[in-house]
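Reading through the C-alpha cells given below for one structure.
The values are calculated or read from the model by the stated rules, or taken from the named source; none is laboratory data. What you see is a predicted model, and the numbers here were worked out from it, not measured in a lab. Counting neighbours? That spans all protein chains shown, and the Cβs are built from the backbone with ideal geometry, glycine included. Calculation scope for accessible area: heavy atoms of the full protein, side chains included, ligands and nucleic acids excluded. Shrake-Rupley method; radii C 1.70, N 1.55, O 1.52, S 1.80 Å.
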Amino acid sequence: MSLSSLKQHLRLLGLRRRNIQESDMNDICSAIAQELQSCGCDLGYRGLWYKLRHTHNLQVKRETVYFLLSVADPAGMARRRANRLLRREYDGHGPNFIWHIDGYDKLKPYGFCIHGAIDGFSRYIKWLRTSTTNNNPRVTGRYYLEAVAETQGVPTLVRFDYGTENVIIETLQSSLREEHEDNLSGDNSFLYGESTHNQRIESYWGQMRKHSMNFYIEFFKSMKDQRLFNGSQEEIKCLQFCFGPLIQYDLDQTRILWNKHYIRKQRHKVHHGKPYSMYHLPEMYGVEDHIKPVNLRAVDDLMEEFTDEPQIYDPTFAQLALEAIPDLVTPTTADDALDLYCRLKEAMGI
C-alpha cells in the first residue's frame, strides 16, 4: 500500500493523530537545557520526552523533543544512535520469583556507594540507595529487609555476586524461606554467581548511568581536574555531606520514572509494558506473583538485631559543618552543592 493510499484509508476511517496542545516553547527549551546541564544529559529523545512530561509537567510532542535535541545536542544524538546492544533471552517466570541484587561502584572513589535490586520478571526497581558504604553486610541487609517489609513477603530467589557484603542477605533469605515447603526454600533460595550472570541488575546499571549518574561522574571528574578534590578522607566526607542528599533525590526520581516507563516489545522473549504494571498486575501478563509470606513482626526484629541504618554522610561531620556555617541551606542543584563544598572547605580548613 502506498503512502497516499494509506493516508486516504486513514481519513475514511476517521483516524488521525492526537492534536496535542504543546506547552510554551520557551518552557520546553528551558527544561531541555536544564536537563542537558544536569543528570538528564545522556537521555535519548524518548527518555527526555518522558521526563519532560512527568517531571516538568510539560505537554510536548516527541518529534518536537527530537528536533530540539538534534539542535541542542547533535553529538550526543549521534553517539547514542551508533550504539548497538546485543540482548540475551531471559525469563523471570513472574514478579518476585527472583530479585537481582548488586552494588554500583563508579561513584565510590568520591564516597558514594550505590546499591540496588531489580525484579527479574518485571524489571521493577525494588530499591536504589546511596550511602557511605555498600560493602557493610549490615547495611545491605537493611535494604533487603526494608524491601521485604514493604512487599510484605520474600521473593522465591535472590541472586547476587560473590562478596562478604551479601552474607547477611543470604542468611536472612534462607531463614525467612526456611518454613516454606517448595523445592527452592531454605538454602536453595539464593544464588551466587559471576557479575556477568547477574544480568538484570548489571544491564540496569547502564540505564541508570545514562538516566542520571553519568552527570555526577563527569561533574566529580571535572572537580578533580580543577584540583577542587584530591580524594582525601576529609574531602570525601565534605563531598558526601554536600552532594549526598542531591544524589539520593536523583536516584529516587530515576527509580520512579523507570518503574513507570514503557518497555517496548522486542524480538526476543521478554514481556513488554510498564514495570509497575508488570510487577503489581501479573495476571494481565499471564503469570502469577511468586511472593512468599513472612511474619512481619519477625522481619522487624531481624532488622533491629542484624542490620544498621545506612548513612548518606558522616553525622559527626554534619554537626561540625553546621557549627562552621550556621546559616547552611541544603543544596538543590549541583552548582549549589559545589558552592557549599568550597565554603565548607574554607571554613573548616580542609
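The helix-only estimate of mean residue ellipticity at 222 nm for the chain, built from DSSP H runs of length n ≥ 4 each weighted as -39500 (n - 2.57), is -15000 deg cm²/dmol after division by the residue total. Work from the charge dipole of the chain (Cβ charges, +1 for Lys and Arg, -1 for Asp and Glu, about the Cα centre) and give the residue of 279, 226, 56 farthest towards its positive end. My answer, from the dipole projection, is 56.
With K and R counted +1 and D and E -1, the other residues having a Cβ less than 13 Å from that of residue 337 yield a net charge of -2. With an a/c value of 1.5 or above and a/b larger than b/c for the gyration tensor axes a ≥ b ≥ c computed over the alpha-carbon atoms, region 99-218 is described as prolate. Think of a 1.4 Å ball rolled over the protein heavy atoms: region 73-219 then has 42 Å² of accessible area per residue. Using a simple charge model, +1 on the beta-carbon of Lys and Arg, -1 on the beta-carbon of Asp and Glu, nothing else, what dipole does the chain show about its Cα centre, in debye to the nearest 20? It works out to roughly 2640 debye.
Put +1 on the Cβ of every Lys and Arg and -1 on every Asp and Glu Cβ in the chain; which of 340, 13, 30 then has its Cα farthest towards the positive end of the dipole? Projecting each Cα onto the dipole axis, the largest value belongs to 13. Dipole of region 143-267 computed with +1 at Lys/Arg Cβ and -1 at Asp/Glu Cβ about the Cα centre; of 188, 156, 199, farthest Cα towards the positive end is 199.
On the basis of the beta-carbon distance and an R0 of 56 Å, residue 296 and residue 70 show a calculated FRET efficiency of 0.60.
Label separation (residue 55 vs residue 106): 1.5 nm, computed from points 7 Å beyond Cα along the C-beta direction. Taking a ≥ b ≥ c as the square roots of the eigenvalues of the alpha-carbon gyration tensor, region 218-343 is classed oblate because a/c is 1.5 or more while a/b is no larger than b/c.
In terms of its C-alpha gyration tensor, region 249-302 has an oblate overall shape, because the principal axis ratio a/c (a ≥ b ≥ c, square roots of the eigenvalues) is not below 1.5 and a/b does not outweigh b/c.
Using alpha carbons only, how many angstrom separate the centre of region 133-179 from the centre of region 292-350? Here the answer is 23 Å between Cα centres. The GluC sites (Glu not before Pro) of region 274-310 that meet both conditions, a loop assignment by DSSP and at most 15 other Cβ atoms within 10 Å of the site Cβ, are 288.
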